[in-house]
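This report refers to the structure that appears directly beneath it.
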Amino acid sequence: MRILKDIMNNKGRGRVPVIKNGKLAGIGARIDVLEKMPRILSKMRAFVPKKLMRTINAIGGYADVAGINAFLTGGFVRDILLGVKNYDLDLVVEGDAILFAKILKEKLGGTLVVHRKFGTATLVKKWPSWLGPSIHPDSEFKIDVAAARKEKYEKPATLPVVRASSLEQDLYRRDFTINAMALKINRSDFGSFADCFGGMRDLEKGVIRILHDKSFLDDPTRIFRAVRFEQRFGFRIEKHTERLIQHAVKQEMFRRMEDQRIREELILILKERHPEKAVYRMKQLHELRFIHPDLILKRSAKRTFREARKCLKWYRVAAVRKRKIDEWLINFLIMIENLDLYQTEEVLEKFIFTNNVAMQIRSYKEQERLVRRRLSQGGKVSPSLVYRFLEPLPQEVTLCIMAKTGSGVARRRIRKFFTEYNGIDLQINGHDIKKEGISPGPRYKEILRKVLYEKLDGKLRTKKDELKYMRKVIASECGNPRKQAP
C-alpha cells in the first residue's frame, strides 16, 4: 500500500489508483498532468517529414486561435513510438470538432466529410508529393478530427451513444492501451504526452491489452482489431485479453452486430502486408465461422498468399496497362477458396458487398477452374485465344489465378497477356466502319473485336491491313453494304 499512500500524499505525481471491486487493481496516469517527452519529439523529427511537421505545428496554432486544446492520438502516436511511418493525422479536440475541421479546410484546402451524429469530420486531400511516392495513383492524405467524447453502449454489440467529455474519457473509450495515448500540439504545450493506461509500457513489451473487461462485449469488432495489430507488429495478445476474446466468441457476440461492420474489419485485415498471419490467428481463435460456418483454410492457402504478393509486385512493374488493384479482394478469394458457389452467395448476401466486388467474386468462382485448365493445356494456344480467356475477367481474378496455378505454361500465358496482348490497340475505329455503310450499333464492337484477334495473332501489321481485314469481316457477314445502301 506504500505506492497508494505516496499517490494520496502527491508523492506519486501524475499517477492515480485504479480501484476494482473495492481493491487496488493498478496504478494509472493522471490525464491532467501532461508530461514533456523529449524522446517522442525526437522520434517525430526523425520519422515525420518536415512539411508534415510544419502542418502539425500550424494546426496547433489554429487551435490556439480557436481557444481549444488539440491532441494527436491513436495510430499516429503509436506509430511514432514504434518508428513506423503513418502520415494520416488523428486529432482529438476539447471543443467543437466540426467547427475546427471547417477552419482546417479553410486554411489547408481539401474536401470535408462531416459526421454530425458522432461529432467528427474528416479532411481529405490529394496525396502530397512531399510525403513521397504513394502506393496508388489515387491515394489520399486524411486528417480525422473528433471532439473528446465518451461512449455509452446501451446494448452489447450496437453503436454507442456519444457525449462530449474530457480527453481522459476519450482515451478510455478506445480499443487497446497502445492506441490510447495522446500528444498535445498547441504551441505553448507542444509535445506534452498523455498515457493514462500504460500504452508506452505495452508497446515496449509488445503486448495487445484491452482497456476494460466489457470492451469486446461492447464492440466485438475489436476482436478482429486485436488480431490485426498483434500480427502486424509481431506482438502478442495479453492472456487476460485473450480470455476475454474467447468468452466473447463463445457468447457469439458477432451475431448481435451488423455484418457490414464485420466486413469492414475483415477488409482491413486483408489489406495488411501479410494477411495470412491474421487469418490463421483468426482460425485459432475460432473466428472464421462468423464469416461462414463451413469456411476452412486449405493447406495450400499460405503458399497462395505468398504467391499473390509476388504476382502483385511483378504486375506493378511489368504490366503494360496498370490499374489500381484491390489487393484485399485477391486475399479474400484465397481465403474463401473452399466455399462453393452457393456458399459464396451466402457470404455475399450476408456482408452486402458492392455490386462490383460481388461481380468479381462470382466471376472467380464461376470461371477460375475452367480458365486455369485451358491456360494449362499443352500445345499451341494462340494469343487471341489467351486474350479471349482473360480479357473479360477482372484483373484481380486473373492475378489470383496466376498465384494459384502450379502450371508454368499457364503463368507464362498470363504474363504475356499483361505485358503484350493487353497493350495492343487497333489503328482503325468506328468511323472506319461507318464509311463502309454500316449503321452505328453493337455490331461495331464485334467487327473491331474480330480485327483485334487477327492483329493479336500477328497477321495484321499496318492500318491498311486492318482496313482490308475489316472489310473482309463486313463482307462475310452482310455482303457489300455499300451496294445495299439506298
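The values are calculated or read from the model by the stated rules, or taken from the named source; none is laboratory data. Computed from a predicted model, the values in this text were never measured in an experiment. No Cβ is skipped: glycine too gets one built from the backbone with ideal geometry, and neighbour counts run over all protein chains shown.
Numbers at a glance
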read-out	value
Which listed residue, of D170, D219, is over 30 Å from I325 (Cα atoms), assigned by TED's automatic domain parsing to the domain that holds H240 and either at pLDDT below 85 or surrounded by 20 or more Cβ atoms within 10 Å (Cβ to Cβ) (or both)	D219
Residue match in region 67-75 (condition: under 20 Å from I178 (Cβ atoms), of a type outside the set (G, A, S) and free of Cβ contacts under 8 Å to residues at least 40 places away in the same chain)	no
Test for L183: is it at pLDDT 90 or above, under 24 Å from M53 (Cβ atoms) and buried (at least 19 other Cβ atoms within 10 Å of the Cβ)	yes
Matching entry among K239, K250 (being basic (K, R) and at pLDDT below 95)	K250
Subset of region 359-394 that is touching a helix residue (DSSP H, G or I) at 6+ places or on another chain (Cβ under 9 Å) and outside any helix (DSSP H, G or I) - its residue that is farthest from R299 (Cα to Cα)	S382
D202 vs. criteria at pLDDT below 90, among the acidic types (D, E) and surrounded by fewer than 24 Cβ atoms within 10 Å (Cβ to Cβ)	no
Where Q343 falls short, out of the listed (1) within 30 Å of R255 (Cα to Cα); (2) touching a helix residue (DSSP H, G or I) at 6+ places or on another chain (Cβ under 8 Å)	(2)
In region 276-314, residue farthest from the chain's Cα centre (by Cα) [restricted to those that are of a type in the set (D, E) and either under 29 Å from H247 (Cβ atoms) or assigned by TED's automatic domain parsing to the domain that holds L244 (or both)]	D294
Residue selected from region 426-456 under the condition at pLDDT below 95 and acidic (D, E), by the criterion surrounded by the fewest Cβ atoms within 10 Å (Cβ to Cβ)	E446
Verdict on V397 being buried (at least 17 other Cβ atoms within 10 Å of the Cβ), among the hydrophobic types (A, V, I, L, M, F, W, C), in the same structural domain as A358 (by TED's automatic domain parsing) and assigned to a helix (DSSP H, G or I)	yes
Of all residues in region 401-417 being in a helix (DSSP H, G or I) and out of contact with any Ser or Thr (no Cβ under 8 Å at 6 or more places or on another chain), the one that is surrounded by the most Cβ atoms within 10 Å (Cβ to Cβ)	M402
From the options E391, E368, residue that is within 26 Å of K324 (Cβ to Cβ), of a type in the set (D, E), in contact with a Cys (Cβ under 9 Å, 6 or more places away or on another chain) and free of Cβ contacts under 8 Å to residues at least 60 places away in the same chain	E368
Selection from region 202-230 of residues that are farther than 13 Å from R78 by Cβ, out of contact with any helix residue (DSSP H, G or I) (no Cβ under 8 Å at 6 or more places or on another chain) and either free of Cβ contacts under 8 Å to residues at least 12 places away in the same chain or assigned to a loop (DSSP other than H, G, I, E, B) (or both)	K205, K214, D219
Selection count, region 77-130, where residues are in a loop (DSSP other than H, G, I, E, B), in contact (Cβ under 8 Å) with a residue 12 or more places away in the chain and not acidic (D, E)	10
Among the candidates E242, E238, E265, residue that is over 21 Å from G75 (Cα atoms) and free of Cβ contacts under 8 Å to residues at least 60 places away in the same chain	E242
Elements of type helices (runs of 4 or more DSSP H) contained in region 266-344, each with 3 or more residues being surrounded by fewer than 20 Cβ atoms within 10 Å (Cβ to Cβ)	275-284, 301-318
